[in-house]
1. Please find, within region B:19-64, the residue that is farthest from A:HIS94 (Cα to Cα) out of those that are within 10 Å of chain A (Cβ to nearest Cβ) and touching a Pro at 6+ places or on another chain (Cβ under 9 Å).
2. Against the condition assigned to a loop (DSSP other than H, G, I, E, B), surrounded by 13 or more Cβ atoms within 10 Å (Cβ to Cβ) and of a type in the set (Val, Ile, Thr), how does A:THR70 come out, does it pass?
3. So B:GLY16 fits all but one of (1) at pLDDT 90 or above; (2) within 11 Å of chain A (Cβ to nearest Cβ); (3) part of a loop (DSSP other than H, G, I, E, B); what number is the exception?
4. From the list A:SER83, A:SER79, pick out the single residue that is of a type in the set (Gly, Ala, Ser), assigned to a loop (DSSP other than H, G, I, E, B) and more than 14 Å from chain B (Cβ to nearest Cβ).
5. Would you mind telling me which numbered condition in (1) away from chain A (no Cβ under 14 Å); (2) within 28 Å of B:GLY28 (Cα to Cα) B:SER94 fails?
6. From the set of residues in region B:1-13 that are more than 22 Å from B:PRO62 (Cβ to Cβ), more than 14 Å from chain A (Cβ to nearest Cβ) and not β-branched (Val, Ile, Thr), which is surrounded by the fewest Cβ atoms within 10 Å (Cβ to Cβ)?
7. So which strands (runs of 3 or more DSSP E) stay within region B:19-114 end to end and still have 1 or more residues that are at pLDDT 95 or above?
8. What number of residues within region A:10-57 are part of a loop (DSSP other than H, G, I, E, B), of a type in the set (Phe, Trp, Tyr) and within 13 Å of another protein chain (Cβ to nearest Cβ)?
Amino acid sequence: GDSVTQMEGPVTLSEEAFLTINCTYTATGYPSLFWYVQYPGEGLQLLLKATKADDKGSNKGFEATYRKETTSFHLEKGSVQVSDSAVYFCALSHTGNQFYFGTGTSLTVIP
Amino acid sequence: ETGVTQSPTHLIKTRGQQVTLRCSSQSGHNTVSWYQQALGQGPQFIFQYYREEENGRGNFPPRFSGLQFPNYSSELNVNALELDDSALYLCASSLVGAASYEQYFGPGTRLTVT
């Protein structure tokens with residue numbers, strides 16, 4: 001069945017450091033891929049998405065590229081801020097009917 | 001534009017009881033999905049409703065049931081509560097037929113079963 005695997009956390013970085021959170025997926029066909037972010041005490045917010053191979057999703061300085069050959073959708077940001085501290089979830093969906101989420105990666109950015 | 005809202009925010013129930021959680025979809029959305037998020041885990045898909053009918057279901061027993069109303073609001077009902085049902089329950093709305101498959105999440109209801 002479909003599934004998403006994320007790198008284990010928690011991740012702690014200093015402000016302005018480079019961020020990579022790995023995400024790989026297993027799925028039939030060509031799903032759409034997403035990154036969601038969950039700030040403390042809040043629901044999930046869509047951060048970025050990509051709907052086909054080689055697409056790059058980007059938002060708020062975050063980027064992720066849909067790599068079909070490696071079945072990956074790694075999240076990157078060149079310079080993190082304290083306000084980026086949150087839990088990040090990678091997810092996939094074929095038709096919007098059902099989303100499969102990874103277990104989440106907690107990020108803490110220290111000043 | 002009104003976002004997805006859920007009620008109540010927190011709830012404490014006893015094992016064996018029944019619970020109803022409520023969700024109001026984002027304005028203009030016609031589909032609602034429910035997820036269970038255990039502590040430290042990612043959301044797990046429970047089911048989705050579209051046009052007041054179940055439109056997909058995850059690996060959850062029949063004691064998890066739902067309703068969608070003509071105004072696209074929704075309820076999640078859980079019967080015979082078990083301790084493992086303690087979790088954050090998330091509602092997400094979306095628009096079938098939209099170009100993307102984005103789901104918009106509410107803040108969740110934290111259910112504790114004792």
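1. B:GLN37
2. No.
3. Condition (2) is where B:GLY16 drops out.
4. A:SER79
5. Failed condition: (1).
6. Restricting to residues being more than 22 Å from B:PRO62 (Cβ to Cβ), more than 14 Å from chain A (Cβ to nearest Cβ) and not β-branched (Val, Ile, Thr), the top hit is B:GLU1.
7. Fully inside region B:19-114 and qualifying: B:19-24, B:31-37, B:44-50, B:64-68, B:74-78, B:87-94, B:109-113.
8. The total comes to 2.
The values are calculated or read from the model by the stated rules, or taken from the named source; none is laboratory data. None of the values given here were measured: they were computed from a predicted structure. Here Cβ is always computed from backbone atoms with ideal geometry, including for glycine, and neighbour counts include all displayed protein chains.
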